[in-house]
Every structure is written in C-alpha cells, then in structure tokens.
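Encoded as structure tokens, the structure appears first; notes follow it.
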Amino acid sequence: MKAKTLRRIITLSLITATTIHATNGDILIGVGAKARGMGGVGIAMSHGAESTLSNPALITSIENTEISFGGTIFMPDIQTQLNPNSMVPLPPQDTLTSDADINMIPEVSLAMKINEEFYMGIGMWGTAGMGTDYSNATGINNMATNGQFSNFDMVTNLQLMQFAVPLAYKTEGLSLAIAPILQYGNLDINFAMPNPEHGGAIDTVGAGLAQDFGFAYSLGATYDFSNGLVLGAVYKSEIDMEYKNQLTTATQPFGIVLPDGDHLEQPAEMGVGMAYTSGQHTVAFDYKKIMWSDAKGYASFGWEDQDVYAVGYEYRQDNWALRAGYNHASSAVVETMNPALNMFNLLGFPATAESHYTVGGTYAISEQFSFDLAYVYAANTTETFDISALKMGLDTVTTDHREDSISFQLNYKF
C-alpha cells in the first residue's frame, strides 16, 4: 500500500480524535476498556485481544479467535493563568480555559490461536497525544485595550496512532512474544505574537500540519505458575518521529535552540507486572518506566523520566465482572531554568496529570458477545512555573489540569 493512501486512511480514522491528553506524559494509562477500568494494568493481567500493546505475550490466553473494537471519549479540563509582575501596570489576568475539551480515541484489536503453541494478532490504536486550544481566548489583538494576555491564541495538537502485528509462542506456563509496530503521528503548533520590529503588528507563527511514520517493536514475556499467579515483563523500543519545520518554527521567536531539531521521539518503555487470581477475585500490579529524558525533543523540553505504578482489582461472577484501579506517575513536565520552555510546556503541552482513579465492568450478552465499559478520573494538578526572565511583564504561568474519560468496547469470540 502506498504511503499516501495509508496516510489518507489513518487521517480518516483520526478525524474525530482532535486532541488527546493521555495522562502518563502524553501516553494513555491503558489501551482498551478492560485495562483502563483496572488502573491501566496489563503486563501480567490478560485482557484478551486488547493486550497487544500492554504485553503481546498475553494474547496466548485466548481460546480461539477474539475481536475487540471500541474507543475512549476523552474530556480534559485545562485552565491557564499568566500572572503579572507586581512592578508592571497590568491588571490581574483572566484564567483561560482550553477549548480542546472533548475527543474520541479509536481502538481495534484481533488475536487468533494458530495452534497449541503459536498465536498472532493485528490491531490499530490511538495511543498518545496532547494539546490545547486558546484560539477563542481574550485575543492578543485586544491587549492594548483591555490589558489581557491571551495565551498567544496558542493551538497545539499532537496525535499518535500505532499499528501492531504480534506473534506469540507458548510452551507450558511460559509465553514469549514480539510485536512489530508502525506509528503514524501528526503535529501542529500555531500561535500569535507581537512583532516589535514591525510596530507591534501581530505575527502568526506556525508551519502547518506535519506528519511522519516511525517503526518500533515490543518484546513481552509471561509465566503462569498454574496456582493463580502470573508474572510478566515487557519492553517497548523508542520511536523516532520528525515533524518537519514544526518545533523549530514554533520555538525560534523565543530564542530556543533545539539540539534535535524537529525530532520528537516517543520514549522507550519497560515494565514488570504480577497478577494473582483466587476464585472470583483477581488483583494485579504493574510497574513501568517511561524514559522521557532520553527521547529526542522531549529531552530538549526538559521532560523527566516517569515511574508509573498501577494497581487493579477484578471481581467475576457468571456473565459479568466489576473492576477498579489506581494509576500514579509524577508529572514528566517539570520547571526548567529556561523560562521560554516553561511557558511552552504549560501553555501548549501541559501533560501534568498524576493520579487516576478508575472503575469498569463487563457484561457478556452471550458466549460470543460481551461489552466493556470503564470510567477514568484524573485528579486536578496545579503547576506554576517561572517565566519572569522573558521580560514580558509576567512573573509566572499557572496551569490546572484534570480529566474525565469513558471507554467502551465490544468483544466477539469465535
């Protein structure tokens, strides 16, 4: 399939997924309604076909063939306030709310049993992204009359979708798997700012939408001790993406020099997990490390590595199940010594959510059909960074970030 044709297909599938705020940095805490209902756990806890990205070795739990498709309705609430220097005659600034507040993230998974030892699958998932939209804020052109900044009318939008084809091998309690991954991404950054060289005229800064494809792989392993205990481990490689002219164009007016140019690399991840089932009860725990500080682009913006902890509980009874979970990772976005980076991180890419509380459930309509539902609440986080050295009459920028999301999924086994 030609790249142009594939790009068109992907763009159509993303048409409703305008902006994603994906909680662990810019990465979803979990892919699929079952995992999201259990705090994102999925390294040792099998969720059938949807397990491909969490740990491809877990597709060996299916009985024959399983298809899952659904999505997540994501509803971030992001508010930002620019705080004036007390020595500058500016009025208190309004708190501005980002209009990027509802988004749809798609997900389709298929896994099949080839024989008693080999399993394979295929899937497509919206996996990550972030962005804000202040284009309808106070308006930078009104600065002279009402004294209000407008967050530069900033609009940012990063979307990532991954395609994977896992191949898994099972012998007794041991499962091993590899999943080649193709990632599609697009990035758009644009904003308005005064140009002092042209009498304070307003310039629009932006290079238009940039797109790229990248390749990666995931390695997974699990061991089932046959007494209810399952241990798992997973590694996912970094994915280098280049969004031509995007980052360099957006940061140039602020004198930011990016060593990696327009590269924005999705970081490598590694994790371990355990799950224990006793009767109708299952408890699972995952630990994952996301290496932002080694990723091109993110390292330049001062992002720090994340230690992600997730715990989930499931109760099963006949044709239904209930789930609950908790996920925590300290914010990857931290204050730096560069005030321009501080402003860009909190205005355009405030991936600051830390604690997530989740509930979910499954109802089996028949032996073949079942329906999953999950709700995730990310508690509010507040970050304030210093931007006084920009000499714009502002001391700090403060961003409040909270999220709600609802995930749904239909499963078919045959």
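The values are calculated or read from the model by the stated rules, or taken from the named source; none is laboratory data. Quick caveat, the model's predicted, so the values are computed rather than measured. Neighbour counts are summed over all protein chains in view; Cβ atoms, including those assigned to glycine, are modelled from backbone coordinates with ideal geometry. Side chains are part of the model used for accessible areas, which takes the heavy atoms of the whole protein and leaves out ligands, DNA and RNA. Shrake-Rupley method; radii C 1.70, N 1.55, O 1.52, S 1.80 Å.
Among the residues of this structure, S61 counts as one that is modelled with pLDDT of 85 or more, under 18 Å from A168 (Cα atoms) and open to solvent by 10 Å² or more (accessible area, probe 1.4 Å).
Yes/no matrix, rows are residues, columns are (1) within 18 Å of the chain's Cα centre (by Cα); (2) farther than 26 Å from M130 by Cα:
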{"position": "S175", "(1), (2)": "no, yes"}
{"position": "A216", "(1), (2)": "yes, no"}
{"position": "G220", "(1), (2)": "no, yes"}
{"position": "D260", "(1), (2)": "no, no"}
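Results for (1) within 21 Å of R36 (Cβ to Cβ); (2) over 17 Å from the mean Cα position of the chain (by Cα); (3) open to solvent by less than 10 Å² (accessible area, probe 1.4 Å), shown as yes or no for each residue.
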site: A310; (1), (2), (3): yes, no, yes
site: A324; (1), (2), (3): yes, yes, no
site: P339; (1), (2), (3): no, yes, no
site: M343; (1), (2), (3): no, yes, yes
site: Y357; (1), (2), (3): yes, no, no
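Annotation: of all residues in the range 358-392 being among the small types (G, A, S) and not in a strand (DSSP E or B), the one that is farthest from W320 (Cα to Cα) is A389. When you check L53 against the structure, is it among the aliphatic types (A, V, I, L, M), in a loop (DSSP other than H, G, I, E, B) and under 20 Å from A179 (Cα atoms), yes or no? For L53, the condition - among the aliphatic types (A, V, I, L, M), in a loop (DSSP other than H, G, I, E, B) and under 20 Å from A179 (Cα atoms) - is met. Of all the numbered requirements in (1) assigned to a strand (DSSP E or B); (2) at pLDDT 90 or above, N115 misses one, and that requirement is (1). Screening P84 with (1) at pLDDT below 90; (2) open to solvent by less than 10 Å² (accessible area, probe 1.4 Å); (3) touching a Leu at 6+ places or on another chain (Cβ under 6 Å) gives one miss only, at (2). Kindly evaluate A137 against the criterion of being under 29 Å from the mean Cα position of the chain (by Cα), at pLDDT below 95, of a type in the set (A, V, I, L, M) and outside any strand (DSSP E or B). Judged against the criteria, A137 is a match. On the stretch given as the range 67-81, residues that are farther than 30 Å from V155 by Cα and either under 16 Å from the mean Cα position of the chain (by Cα) or surrounded by fewer than 24 Cβ atoms within 10 Å (Cβ to Cβ) (or both) total 2.
Looking at the range 310-318, can you tell me whether even one residue there is outside any strand (DSSP E or B), within 27 Å of Q79 (Cα to Cα), out of contact with any helix residue (DSSP H, G or I) (no Cβ under 8 Å at 6 or more places or on another chain) and not hydroxyl-bearing (S, T, Y)? No, there is no match, as no residue in the range 310-318 is outside any strand (DSSP E or B), within 27 Å of Q79 (Cα to Cα), out of contact with any helix residue (DSSP H, G or I) (no Cβ under 8 Å at 6 or more places or on another chain) and not hydroxyl-bearing (S, T, Y).
Condition check ((1) of a type outside the set (S, T, Y); (2) farther than 22 Å from M241 by Cα; (3) at pLDDT below 95) across all residues:
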{"position": "N151", "(1), (2), (3)": "yes, yes, yes"}
{"position": "V155", "(1), (2), (3)": "yes, no, yes"}
{"position": "T171", "(1), (2), (3)": "no, yes, no"}
{"position": "I189", "(1), (2), (3)": "yes, no, yes"}
{"position": "T204", "(1), (2), (3)": "no, yes, yes"}
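A single member of Y223, Y235, Y315 is open to solvent by 70 Å² or more (accessible area, probe 1.4 Å) and farther than 20 Å from L341 by Cα, and it is Y223. T398 falls short on exactly one of the conditions (1) open to solvent by less than 20 Å² (accessible area, probe 1.4 Å); (2) within 23 Å of M130 (Cα to Cα), and that condition is (1).
Condition check for M1 on (1) over 23 Å from Y326 (Cα atoms); (2) modelled with pLDDT under 90; (3) open to solvent by less than 40 Å² (accessible area, probe 1.4 Å); (4) not in a helix (DSSP H, G or I): one failure, at (3).
I43 fails exactly one of the following numbered conditions: (1) at pLDDT 85 or above; (2) of a type in the set (A, V, I, L, M, F, W, C); (3) surrounded by fewer than 17 Cβ atoms within 10 Å (Cβ to Cβ). What is the number of that condition? For I43, the failing item is (3).
Does D260 qualify as being surrounded by fewer than 19 Cβ atoms within 10 Å (Cβ to Cβ) and either among the acidic types (D, E) or in contact with a His (Cβ under 6 Å, 6 or more places away or on another chain) (or both)? When the stated conditions are applied, D260 passes them. Within the range 331-378, track down each residue that is of a type in the set (G, A, S) and under 24 Å from Y298 (Cα atoms). Of everything in the range 331-378, those that are of a type in the set (G, A, S) and under 24 Å from Y298 (Cα atoms) turn out to be S331, A332, A340, G348, A351, A353, S355, A378.
When each of G360, G393 is tested for being of a type in the set (G, A, S) and at pLDDT 90 or above, the lone residue that passes is G360.
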